[in-house]
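The values are calculated or read from the model by the stated rules, or taken from the named source; none is laboratory data. All values reported here derive from a predicted model rather than from experimental measurement. Note that each Cβ is placed from the backbone with ideal geometry, even for glycine, and that neighbours are counted across all protein chains shown. Only protein heavy atoms, including side chains, enter the accessible area calculation; ligands, DNA and RNA are left aside. Shrake-Rupley method; radii C 1.70, N 1.55, O 1.52, S 1.80 Å.
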Amino acid sequence: MDMTLPTWIYQGRVFNDILDFPKDTYGFIYEVTHKPTGQKYIGKKVLFFERNKRLGKKALEELRLERKAQGIGGRTPLKQKIITESDWKEYYGSHPKIKQLVKDSKDLKADFEKKILDLVPNKKLLTYYECKHLFINDVLESYSHQYINDNILGKFYRKDFSND
């Protein structure tokens, strides 16, 4: 593990390896704090990326032969699902301001605190719990603008509130 990166903390425990998560964890809700400014960002992160990779001619032919040998009929799929560990260890958030703060930082470990708020078992609940934390923390209406978040679900925006 890169000791220059801040680690994720959940209920006082350090999470710096995929094996630190319970087996049924799909992703997590997090809060990143930029210590020099006190600004925070709440977001969600999946632990694994899933993508469909198009098979090449050689791989397709091997798959056809394998399926035939196993007695599996029908069309041979042209794509294969590939699952890889996400970039959760190095992740800070998707907002451009957070990305800029990370880029400008000389010492990520000193400048940032990364806290896991909830461990979540599936995609649907990941979005639910992210929204729950965004609303509970009043990220759009906060007068101090402690939170960098400026929208929720791309439907509710800070700019829509007249008190800012």
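Figures for the structure shown
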read-out: Of the trypsin sites (Lys or Arg not before Pro) in segment 33-136, those whose Cβ has at most 11 other Cβ within 10 Å and which sit in DSSP loop; value: 75, 106
read-out: Label point distance in nm, residue 68-residue 53, each placed 7 Å from Cα along Cα→Cβ; value: 2.4 nm
read-out: Of 26, 16, 149, farthest towards positive along the dipole that unit charges on Lys, Arg, Asp, Glu beta carbons give the chain; value: 26
read-out: Net charge of Cβ neighbours under 11 Å - reference residue 75; Lys, Arg +1; Asp, Glu -1; value: +2
read-out: Percent carbon-and-sulfur accessible area, the chain, ignoring ligands, DNA and RNA, probe 1.4 Å; value: 52 percent
read-out: Contour minus Cα-Cα distance for residue 106 and residue 80 (0.36 nm per residue); value: 5.3 nm
read-out: Radius 12 Å from Cβ of residue 48, net charge of other residues (Lys, Arg +1; Asp, Glu -1); value: +1
read-out: Sum of side-chain charges, residue 96 neighbourhood, beta-carbon under 12 Å (Lys, Arg +1; Asp, Glu -1); value: +2
read-out: Whole-Hz ³J(HN,Hα) from phi, Karplus 6.51 cos²θ - 1.76 cosθ + 1.60, for segment 59-65, glycine and proline x; value: 5, 5, 5, 4, 5, 4, 5
read-out: Measure of compaction for segment 6-162 (Cα Rg per 2.2 N^0.38 Å); value: 1.36
read-out: Within the chain, helix-based [θ] at 222 nm, where runs of 4 or more DSSP H residues each add -39,500 (n - 2.57), nearest 500; value: -7000 deg cm²/dmol
read-out: Segment 74-164, accessible area per residue, ligands and nucleic acids excluded (1.4 Å, Å²); value: 66 Å²
read-out: For the chain, the longest site-free run once chymotrypsin sites (Phe, Trp or Tyr not before Pro) in DSSP loop states with at most 12 other Cβ atoms within 10 Å are removed; value: 1-142
read-out: Cross-link reach list, lysines versus residue 106, counting only Cα pairs under 22 Å and skipping chain neighbours closer than eight places; value: 35, 40, 89, 97, 114, 115
read-out: Distance (nanometres) between label positions extended 7 Å along Cα→Cβ at residue 125 and residue 61; value: 4.7 nm
read-out: Descending principal axes extents, segment 65-148, alpha-carbon based, whole Å; value: 65, 32, 20
